[in-house]
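Read the figures in this text as sums done on the coordinates, not as results from a lab. In this text, all values refer to a predicted model and were calculated from it rather than measured experimentally. No Cβ is skipped: glycine too gets one built from the backbone with ideal geometry, and neighbour counts run over all protein chains shown.
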Amino acid sequence: MATLLLDPAAENERLQLLLFEMPDRQEDFLEAAAAEGYHLDYTLDTLPELERYLHDHAAALAWRDKSADAVARRLDCWSYIGETFRENFGGGWNVSLTDPNSVLYGQFVLQDFGDRGLEFSPANTLQAYLLRGKPAIRSMMEAHVHIAPVDLSDLPEESS
Amino acid sequence: MQAGGPASAFVAPAAGTHGPAPLPLATQAEAVAAATASGKRKLVAGSDEHKAQRWLDFQARNAAKAEPWSYERWEKQYHTNMRNTSVGLAREAEYRQAMNAESKTLKTPLTQRQIDMYIGDELYCGQLKTGKMGLNKQARTEDIPKDGELIKAGYQVEYILEKGGSKPFLTALDRIGASYKIGPQIP
């Protein structure tokens, strides 16, 4: 499958619109969540609270539901994940356009955090949690900033 | 240049001594120059540039008292392996078609990871191995640690091991939380 090359200017317009609407949408989301008993304030400690919200609203948020209502609900959730990442680990929103073959190409991501040039995708993080209920959202975030590769040094190296 | 020694280490095999020269001298020189200039750029397997660089690498890795293969023997192995690479790539394409997957890449904290079969709706990263897999240096120090980072970031990583894997290789997959299937998964 060939990747359709995206127009950077059009993608930036899409990003600016997202960021323009985000404060009002997030305010409404947090108020509605609070009314249902979920306390969300962009601290890392509230991520288990977001996970509780995701469990309780699993049917309305189901990844395979492509209705406008489900998409809008998920948008508010991954915007919250992205803003929590930004508040705690730095960086800013952008559209991933560096590598047309990348899994993240065309996605809204957080960039400019840490020193490895990584991108954090709030939507993929939400998707992983909705699909599998693990890993914890906080640990998926921290995997992008606290790097600790698996140690396989105790296993023998083989020739082929 | 990687640890392949200087370009002057490339010695064209003399006809009659090591079999027919593999490339015309001018082409060899160009390939070596290109290989030398390539730095850490990933070379395309099977290209003249790749072949010249791998011959340099091979020579540099032999100890002084070792008895390295002749160029003729080395070249035969090179072409066998390149054919296997083509077969592996073709098989990957068959899996992608069967699974409605794509070939993708993703930058991990440990540099870029090539994903043989990626399914976006599942965040599924499939890796195909058509030969028996051991925990070689590439797998132990690069591929599996990168896959571990993908799993930590929420992706599912699955290996399809058409001819199985060694115990250390499977242990390493277990350790990062990757799943695996043994044997061909498509006809």
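What span do the alpha-carbon atoms of segment A:94-160 cover on each of the three principal axes, reported in whole Å from largest to smallest?
Answer, in whole Å and largest first: 42, 29, 24 Å.
State the Kirkwood hydrodynamic radius of the protein assembly as shown in Å, one decimal place, computed from all pairs of distinct Cα atoms. Provide the component values of the computation, followed by the final result.
Working: mean 1/r = 0.0433 Å⁻¹.
Mean inverse Cα-Cα distance, inverted, gives 23.1 Å.
Taking N as the number of residues in segment A:1-128, what value does Rg over Cα atoms divided by 2.2 N^0.38 Å take? Please list the in-between numbers first.
Values: Rg = 15.1 Å, N = 128, 2.2 N^0.38 = 13.9 Å.
Cα Rg divided by the expected 2.2 N^0.38 Å: 1.08.
In whole Hz and in residue order, list the ³J(HN,Hα) couplings for segment B:132-138 that follow from phi through the Karplus curve 6.51 cos²θ - 1.76 cosθ + 1.60, θ = phi - 60°; x for Gly and Pro.
Working through the residues one at a time gives 5, 9, x, 7, 6, 4, 4 Hz.
For segment B:37-187, what is the charge dipole size about the Cα centre, in debye to the nearest 20, if Lys and Arg each add +1 at the Cβ and Asp and Glu each add -1 at the Cβ? Walk me through the numbers before you get to the answer.
Details: 25 positive and 19 negative charges, 103 e Å.
Dipole about the Cα centre, nearest 20: 500 debye.
Averaged over peptide B:147-158, how many Cβ atoms belonging to another chain are found within 10 Å of each residue's Cβ? Before the final figure, lay out each step's value.
On the way: counts 1, 6, 7, 2, 5, 11, 13, 16, 6, 3, 0, 0.
Going residue by residue through B:147-158 and averaging, the value is 6.
Give me the net charge for the shell around A:PRO149: Cβ to Cβ below 13 angstrom, other residues only, Lys and Arg +1, Asp and Glu -1.
Net local charge, A:PRO149 excluded: +1.
Please report the equivalent ellipsoid semi-axes of segment B:67-164, computed as sqrt(5 x eigenvalue) of the Cα gyration tensor, largest first, in whole Å.
Details: eigenvalues 157, 60, 24 Å².
Equivalent-ellipsoid dimensions as semi-axes: 28, 17, 11 Å.
In debye, nearest 20: dipole of segment A:77-139 around its Cα centre with unit charges on the Cβ of K, R (+) and D, E (-)? Show your work: numbers first, answer last.
Numbers: 5 positive and 6 negative charges, 67 e Å.
In total the dipole reaches around 320 debye.
Evaluate E = 1/(1 + (r/R0)^6) for B:VAL44 and A:LEU5, where r is the Cβ-Cβ distance and R0 equals 22 Å; express this FRET efficiency to the nearest 0.05. Intermediate results must be reported in sequence, preceding the final value.
Working: r = 22 Å, r/R0 = 1.01.
About 0.50, to the nearest 0.05.
Taking the Cβ of B:GLU94 as the centre, find all other residues whose Cβ is under 13 Å away and add up their charges (Lys, Arg: +1; Asp, Glu: -1). Could you put the intermediate results ahead of the total?
Values: positive: B:ARG91, B:ARG96; negative: B:GLU92, B:ASP116, B:GLU162.
Summing Lys and Arg as +1 and Asp and Glu as -1 gives -1.
Looking only at other chains, what is the average number of their beta-carbon atoms within 10 angstrom of each beta-carbon in A:134-146? Provide the component values of the computation, followed by the final result.
Working: counts 2, 5, 0, 1, 0, 3, 5, 2, 2, 9, 5, 1, 2.
Other-chain Cβ atoms within 10 Å of each residue's Cβ, averaged: 3.
Can you find, among B:TRP69, A:LEU75, A:LEU30, the residue sitting farthest towards the positive end of the charge dipole of the protein assembly as shown, where Lys and Arg contribute +1 and Asp and Glu -1 at Cβ?
B:TRP69
Which one, A:ALA148, B:SER179, A:ASN88, projects farthest toward the positive side of the charge dipole computed for the protein assembly as shown from Cβ point charges (K/R +1, D/E -1)?
It is B:SER179, whose Cα lies furthest towards the positive end.
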